[in-house]
Amino acid sequence: MGAKTWMIVYSDDQPSNKFKRYPKPDLEKTISLLNRLFPNEKLEKTDDGDLSFTCPPNDMIFAGHFDGISVVAAKEFGIDNPSKIDRRFISESPFKKAYIHAMHSVVDWFAFAKWEDRELTRSLSLSPDSGIIEDFGEKFEFELPYWKGAHPAIDRSEEDDEEYPFKFHPLELGEEFLKELFGYQLEGFEGSELIEPEKIRLYGFKRPKPWWRLW
């Protein structure tokens with residue numbers, strides 16, 4: 001699996017309900033949101049992206065403020081402990097709910113967190129090398145089959161001495177979160193009920209270089 005994400009999603013309702021409408025982003029409101037989230041950075045508008053690519057390089061941000069939902073993809077959201085995110089990213093939420101979704105295929109790492117009315121209700125972070133880094137709050141119903149072993153990471157019918165530390169693959173659970181909460185997947189299940197994330201535009205912004213790289 002090669003999927004990667006590091007994004008925060010703000011919504012006043014179930015995010016998938018908003019994305020299914022294929023909303024158009026508002027540039028002025030997107031810039032206003034970014035100015036609140038990144039007050040010390042002078043961002044420069046650059047080429048746009050879309051919802052299928054929410055793992056921008058460190059010097060980029062992809063973002064879109066839509067009717068009832070906002071998406072911001074930036075390096076700040078690819079952290080091992082999502083519950084410890086800088087508080088401004090929660091206090092400046094334009095909507096009732098906030099979600100962090102992050103995963104990295106190179107290390108099979110997945111992290112997720114949800115806030116409602118700015119209070120953390122669920123956080124999870126795990127990888128084979130680090131184990132369970134965070135597991136706070138009540139699990140979502142769609143998570144439970146994974147924890148119970150319904151989607152094993154390895155085929156037990158094959159002879160394999162190598163033990164996998166979890167009953168499931170973190171990236172497969174990460175894709176399940178994308179499907180159930182956001183209405184799309186990057187890899188895995190395909191169905192007519194899923195949205196096409198590449199059709200949802202995100203504005204691109206260049207971040208300023210650190211002062212020691214200005215020459």
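The values are calculated or read from the model by the stated rules, or taken from the named source; none is laboratory data. Quick caveat: nothing in here was measured; it's all calculated off a predicted structure. Cβ sites come from the backbone with ideal geometry, for glycine too, and all protein chains shown count toward neighbours. Quick note on the areas: whole protein, heavy atoms, side chains included, nothing else; ligands and nucleic acids left out. Shrake-Rupley method; radii C 1.70, N 1.55, O 1.52, S 1.80 Å.
Among the residues making up segment 26-58, a single one is of a type in the set (A, V, I, L, M), part of a loop (DSSP other than H, G, I, E, B) and open to solvent by 40 Å² or more (accessible area, probe 1.4 Å): Leu43. Restricted to segment 74-98, and to residues that are hydrophobic (A, V, I, L, M, F, W, C) and in a loop (DSSP other than H, G, I, E, B), which residue is nearest to Ile61 (Cα to Cα)? Selected residue: Ala74.
Residues of segment 119-137 being charged (D, E, K, R) and over 17 Å from Ile90 (Cβ atoms), which ones? Lay out the reasoning, then the answer.
If we filter segment 119-137 for residues that are charged (D, E, K, R), which is where we start, we get 119, 122, 129, 134-135.
Residues satisfying the conditions are Asp129, Asp135.
Conditions tested, residue by residue: (1) of a type in the set (D, E, K, R); (2) in contact with a strand residue (DSSP E or B) (Cβ under 7 Å, 6 or more places away or on another chain); (3) within 20 Å of Lys114 (Cβ to Cβ).
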| position | (1), (2), (3) |
| --- | --- |
| Lys29 | yes, yes, no |
| Ser32 | no, no, no |
| Pro39 | no, no, no |
| Thr46 | no, yes, no |
| Asp50 | yes, yes, no |
| Ser70 | no, yes, yes |
| Glu76 | yes, no, yes |
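Exactly one residue among Glu198, Glu193, Glu163 is in contact with a Phe, Trp or Tyr (Cβ under 9 Å, 6 or more places away or on another chain) and open to solvent by 10 Å² or more (accessible area, probe 1.4 Å), and that residue is Glu198. Of the residues in segment 115-128, none is without any contact (Cβ under 8 Å) to a residue 12 or more places away in the chain and either under 24 Å from Pro208 (Cβ atoms) or within 15 Å of the chain's Cα centre (by Cα) (or both).
Looking at segment 134-149, can you tell me whether even one residue there is surrounded by 17 or more Cβ atoms within 10 Å (Cβ to Cβ), among the hydrophobic types (A, V, I, L, M, F, W, C), under 22 Å from Ala3 (Cα atoms) and at pLDDT 95 or above?
Here is the first cut: in segment 134-149, the residues surrounded by 17 or more Cβ atoms within 10 Å (Cβ to Cβ) are 134, 143, 146.
So of that shortlist, the ones also among the hydrophobic types (A, V, I, L, M, F, W, C) come out as none.
No, the conditions are met nowhere in segment 134-149.
Phe77 passes all but one of (1) over 19 Å from Ile195 (Cβ atoms); (2) surrounded by fewer than 22 Cβ atoms within 10 Å (Cβ to Cβ); (3) in contact (Cβ under 8 Å) with a residue 24 or more places away in the chain; which number fails? All conditions pass for Phe77, except number (2).
Looking only at segment 89-126, filter to residues that are out of contact with any Phe, Trp or Tyr (no Cβ under 9 Å at 6 or more places or on another chain) and of a type in the set (Val, Ile, Thr); which one of those is least open to solvent (accessible area, probe 1.4 Å)? By that ranking, first place goes to Val107.
Checking the stated criteria, Ile61 turns out to be part of a strand (DSSP E or B) and within 21 Å of Trp115 (Cβ to Cβ).
Conditions (1) more than 21 Å from Ile69 (Cα to Cα); (2) of a type outside the set (Phe, Trp, Tyr); (3) in a helix (DSSP H, G or I), marked per residue:
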site	(1), (2), (3)
Ile100	no, yes, no
Leu120	no, yes, no
Ile133	yes, yes, no
Glu143	yes, yes, yes
Ala150	yes, yes, no
Glu163	yes, yes, no
Leu178	no, yes, yes
